[in-house]
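Worksheet for the structure shown next.
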Amino acid sequence: MTTTWVKSDRQKEREKLLKAQGRRSLSAATISTVVVVGLVVFGLLASPGWPRVRETFFSWDALVTALPDVLRGFLLNVGIFLIAEPIILVLGLGVALLRGLRSPVFFPLRALAALYTDVFRGIPVILLVYLVGFGVPALQLQGVPNDPVVLGTIALILSYTSFVAEVFRSGIDSIHPSQKAAARSLGLSHGKTMRYVVVPQAVRRVVPPLLNDFASLQKDTALVAMLGPLEALRQAQIHAAESFNYTPYVTAALLFVALTVPMARFTDHLAARAARQRGGAT
Amino acid sequence: MTLLTIDGVWKRYGEHDVLKGVDLTVDTHEVVCLIGASGSGKSTLLRCVNLLETVDDGAILLDDVEITDVRTDPDDVRKRIGIVFQAYNLFPHMTVLDNITLAPRKVHGVGRAQAEEQARELLTRFGLETKARDYPDRLSGGQQQRVAIIRAIATQPRLLLLDEVTSALDPTLVNEVLGVIRELKESGMTMILATHEMGFARDIADTVCFLADGVLLERGHPDQIFGAPQHPRTREFLSRT
Ligand SMILES: Nc1ncnc2c1ncn2[C@@H]1O[C@H](COP(=O)(O)OP(=O)(O)OP(=O)(O)O)[C@@H](O)[C@H]1O
Ligand SMILES: [Mg+2]
C-alpha cells in the first residue's frame with residue numbers, strides 16, 4: 001500500500017509486444033473476411049440462373065409493394081410472441097416445480113405434469129395448431145374463444161410450455177443438493193428454499209437455452225397463418241399469389257431474421273457473461 | 001442446565017449400523033468436541049440432531065422437548081439449531097449480506113433494515129465488514145467459512161453444530177476460522193463440533209467425546225481424554241493422530 005507501482009521495462013516491453021500481436025490478428029481477420037465474402041458474392045452473380053432468381057426472389061419493386069402489408073402482418077407475429085412468451089415462462093416454471101414435489105400428497109399433480117410434458121413435447125407444433133384451431137371451435141362450447149389468433153396462441157403456449165418446463169427442470173436438477181441442505185438447515189421451508197435459493201440459481205443457468213426456445217417460438221408464430229389470420233406469412237402468400245413473384249416471402253423472412261439475430265447475439269453475450277462469472281472454470 | 005439430550009440414538013444405512021445407541025447430554029454454554037476416526041459417524045450424529053436425517057431409534061430432546069417426535073415440524077427445530085458444513089455452504093447468487101440476512105428476514109420475519117444492521121455488526125465483529133457486498137466466489141476459503149458461521153448464528157440459535165468446518169481449508173486459513181469459534185465460545189454459544197484438529201479440541205472443548213463403533217466410547221474433560229485416556233481404543237486413536 002505504501003509503495004507505488006512504477007512499470008518496469010520488462011512490463012513495458014511485454015505490453016508493446018501484445019499490442020503488435022493484436023494489430024496483426026485484426027488485419028488477418030479483415031483480409032480473410034473480405035476474401036470469403038468476395039468469393040461468395042462472385043459465385044452467386046456468376047451463376048447462370050442468377051438473373052431469373054434475382055427477378056423472382058429479389059425484385060425491388062415487389063419488395064416495396066409488399067412491405068407495408070407484410071410489415072403490418074409481422075406486427076401481429078410480434079404481438080403473439082409478446083403475449084405467449086411470459087405465459088409460457090410462468091406455466092413452464094410451474095410445471096417444472098410440480099414435477100419436483102416429493103410429498104406423496106402431490107402424486108396426482110406430479111403425474112399429471114409428467115404426462116403433460118411427455119404428450120405435448122411429442123406433438124408437432126403445426127399439428128397442435130390445427131387441432132386447437134379447428135378442433136376447439138367444432139366443440140361449440142359456451143364461452144370458449146373462437147378467434148383463430150387466440151386459438152393459435154393457445155396452441156403455441158401448450159406446445160412451448162412443455163419444452164420450457166423441461167429446460168427449467170434440468171436447471172433445477174443441476175443445483176447441488178448441498179445448497180438445498182444449507183437452506184433447509186437455516187429453517188427455510190421447501191417452498192422458500194426453492195424460491196430464494198434453488199430457482200434463482202437454476203434460472204441463471206438456463207437463460208441461454210431459454211432464449212434459444214424464444215427464437216424458435218418467434219419463428220413458429222408464422223404457423224398461426226394456417227388458421228387464416230393475416231400475419232406476415234399469410235400477407236406474403238397473398239402478395240405472392242397476386243404478383244407471381246416470391247419476393248414477399250423473402251421480405252417476411254428478412255423481418256423474422258431481423259428479430260432473431262439480435263436475440264442470438266444477446267444469448268451469446270449472456271452465455272459469455274455467465275462463463276466469466278464462474279471464473280472461466282468449467 | 002441441560003440444553004440437548006441424545007438418548008440411545010440408533011442410525012442405520014441399509015445393513016450398516018452407523019450409530020448404535022449414542023447417549024450424550026449438552027449443557028447450556030457447553031462446548032462439546034466429537035472426535036473419532038473417519039466414518040465413525042460424527043457427521044451422521046450432527047445431521048440427526050438437525051433433523052436432516054431421521055433417527056431409527058432413540059430420541060433427541062431440545063429444552064426437554066422431544067424433537068424426534070414425528071409430529072414436530074423440522075423447520076421449527078432448525079430455527080433453533082444452526083449448522084455449518086465442511087464446505088459449499090454459501091449461496092453463490094447472493095452477496096455476503098444477503099446470505100446472512102436471508103433466514104432472519106424470510107424465516108424469522110425481521111425487517112430488512114434491522115437484519116442488515118445486525119449482519120453488519122456480526123461482520124465487523126469477525127473482521128469482514130468490507131466484504132458485505134461481495135459475492136462468495138470473491139472470498140478466500142477461510143473468509144467463506146467465517147461468513148457461513150456468521151450466517152448460522154445470525155438467527156441466534158440455541159445450539160450451533162459445526163461439522164469439520166476447517167477440514168477443506170488450507171492450513172494457513174484454519175486459524176482465522178478457529179478464532180471465530182473461540183470468540184463464539186467466549187460469548188456463551190452452546191456448540192457441538194466434529195473435528196480432526198486435536199490441538200484445537202483440547203484448547204476449546206469443555207467436554208471431548210470419542211466416537212467409535214457407533215457409540216461414545218469415552219467422554220471427559222479434554223485434559224483427561226488427551227492426557228490419560230481410559231479406553232484402549234481412545235489411546236490407539238490418539239496415538240495415530
Ligand atoms: N446417506 C448415506 N447413505 C449410506 N451410508 C452413509 C450415508 N451417510 C453416511 N453413511 C455412512 O455412515 C458412516 C458414517 O459416516 P459419517 O459421515 O457420519 O462419518 P464421519 O465420522 O463424519 O467421517 P469423517 O470424519 O470422514 O467426516 C460411513 O461409513 C458412511 O459411509
Ligand atoms: Mg464427517
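Let me know the charge dipole size of the protein assembly as shown about its Cα centre in debye, to the nearest 20, where only the beta-carbon of Lys, Arg (+1) and Asp, Glu (-1) is charged. Don't skip to the answer; put the middle values down first.
Working: 55 positive and 52 negative charges, 378 e Å.
In debye, rounded to 20, the protein assembly as shown gives about 1820.
Simple spin-label model, 7 Å along Cα-to-Cβ: A:ALA271 to A:ALA46 in nm?
Result for the modelled spin labels: 3.5 nm.
GNM on chain A, C-alpha springs below 10 Å: top fluctuator among A:VAL197, A:VAL40, A:VAL224?
A:VAL40
What is the dipole size for chain B, taken about its Cα centre, with +1 at each Lys and Arg Cβ and -1 at each Asp and Glu Cβ, in debye to the nearest 20? Present the calculation step by step, with values, prior to reporting the outcome.
Values: 27 positive and 36 negative charges, 122 e Å.
Rounded to the nearest 20 debye, it is 580 debye.
Go through B:LEU173, B:LEU162, B:LEU45 and say which Cα lies farthest out towards the positive end of the charge dipole of the range B:2-240; charges sit on Cβ, +1 for Lys and Arg, -1 for Asp and Glu.
Most positive-ward Cα: B:LEU173.
Once you've got the Cα coordinates, tell me which of B:LYS131/B:LYS185; B:LYS42/B:LYS131; B:LYS106/B:LYS131 are over 29 Å apart. Could you put the intermediate results ahead of the total?
Working: B:LYS131/B:LYS185 24 Å; B:LYS42/B:LYS131 32 Å; B:LYS106/B:LYS131 22 Å.
Cα-Cα > 29 Å for B:LYS42/B:LYS131; rest within.
Placing +1 at every Lys and Arg Cβ and -1 at every Asp and Glu Cβ, with all other atoms neutral, what dipole size does the range A:68-203 have around its Cα centre, in debye to the nearest 20?
Details: 10 positive and 6 negative charges, 142 e Å.
Dipole size: approximately 680 debye.
For A:TYR196, B:TYR13, A:TYR160, what ranking results if the residue with the fewest other Cβ atoms within 10 Å of its Cβ goes first? Could you put the intermediate results ahead of the total?
Details: A:TYR196 20, B:TYR13 10, A:TYR160 25.
So the ranking, lowest neighbour count to highest, is B:TYR13, A:TYR196, A:TYR160.
Whole angstrom only: what separates the Cα centroid of the range B:87-106 from the Cα centroid of the range B:120-144?
When both Cα centres are located, 11 Å separates them.
Which value in deg cm²/dmol, rounded to the nearest 500, describes the helix-derived mean residue ellipticity at 222 nm for chain A, given -39,500 (n - 2.57) per DSSP H run of n ≥ 4 and division by the residue count? Numbers along the way, then the final one.
Numbers: 11 runs with 213 residues, N = 282.
Calculated at 222 nm, the ellipticity per residue is -26000 deg cm²/dmol.
Can you tell me, using C-alpha contacts under 8 Å and at least 6 residues apart, the relative contact order of chain B as a whole percent?
26 percent
Given labels modelled 7 Å from the Cα in the Cβ direction, how far is it in nm from B:VAL65 to A:VAL64?
Modelled inter-label distance: 8.3 nm.
Give me the distance between the Cα centres of the range B:155-196 and the range A:189-215, rounded to whole Å.
With the range B:155-196 and the range A:189-215 each reduced to a Cα centre, they are spaced 33 Å.
Taking each residue of A:200-211 in turn, how many C-beta atoms of other protein chains fall within 10 Å of its C-beta, and what is the average?
Per residue, the number of nearby Cβ atoms from other chains is 1 on average.
Order the peptides B:196-204, B:173-181 from the highest to the lowest mean number of other Cβ atoms within 10 Å of their residues. Write down the numbers at each step before the final one.
Values: B:196-204: 17.0, B:173-181: 19.1.
Taking the mean over residues of other Cβ atoms within 10 Å, the ranking is B:173-181, B:196-204.
Over every pair of different alpha-carbon atoms in the range A:135-282, take the mean of 1/r and invert it; report that Kirkwood radius in Å. Intermediate results must be reported in sequence, preceding the final value.
Details: mean 1/r = 0.0530 Å⁻¹.
Answer for the range A:135-282: a Kirkwood hydrodynamic radius of 18.9 Å.
Any idea what the relative contact order of the range A:76-157 is, in percent, if you count C-alpha pairs under 8 Å spaced at least 6 apart?
Relative contact order, the range A:76-157: 34 percent.
Report relative contact order for chain A in percent, whole number only (criteria: Cα-Cα under 8 Å, sequence separation at least 6).
Numbers: 252 pairs, mean separation 76.6, N = 282.
Here the relative contact order equals 27 percent.
Label point 7 Å out from B:ARG240 along Cα-to-Cβ: which residues of the range B:41-71 have amide N under 20 Å?
Counting only backbone N, you get B:41-45.
Highest mean first, what order results for A:108-119, A:10-21 on Cβ atoms within 10 Å? Could the numbers behind the result be given before it?
Details: A:108-119: 14.2, A:10-21: 10.1.
The packing order, highest mean first, is A:108-119, A:10-21.
Quick check on packing: order B:44-54, A:60-70 by the mean number of other C-beta atoms within 10 Å, highest mean leading.
Working: B:44-54: 21.1, A:60-70: 17.2.
Packing proxy ranking, top to bottom: B:44-54, A:60-70.
Over the whole of A:186-196, what's the average partner chain Cβ count within 10 Å per residue? Rounded to a whole number, please.
Values: counts 18, 17, 7, 6, 1, 0, 5, 2, 0, 1, 8.
So the per-residue partner count for this stretch is 6.
Dipole of the protein assembly as shown (Lys/Arg Cβ +1, Asp/Glu Cβ -1, origin at the Cα centre): which of B:VAL31, A:PHE214, A:SER59 lies farthest to the positive side?
Positive-most Cα among the choices belongs to A:SER59.
Take every residue in peptide B:102-108, count the Cβ atoms of other chains within 10 Å of its Cβ, and give the average of those counts. Mind showing how you got there, number by number?
Details: counts 6, 7, 2, 1, 9, 6, 2.
The per-residue average across the peptide is 5.
For the range B:112-188, build the charge dipole from Cβ charges (+1 Lys, Arg; -1 Asp, Glu) around the Cα centre, then report which of B:PRO136, B:ALA115, B:ILE149 sits farthest towards its positive end.
Value computed over the given set: B:ALA115.
Every number here is computed from the coordinates shown, using simple stated rules; none is lab data. This structure is a prediction, so every number in the text was calculated from the model and none was measured. A quick note on method: Cβ atoms are made from the backbone with ideal geometry, for glycine too, and the neighbour counts reach across all protein chains shown.
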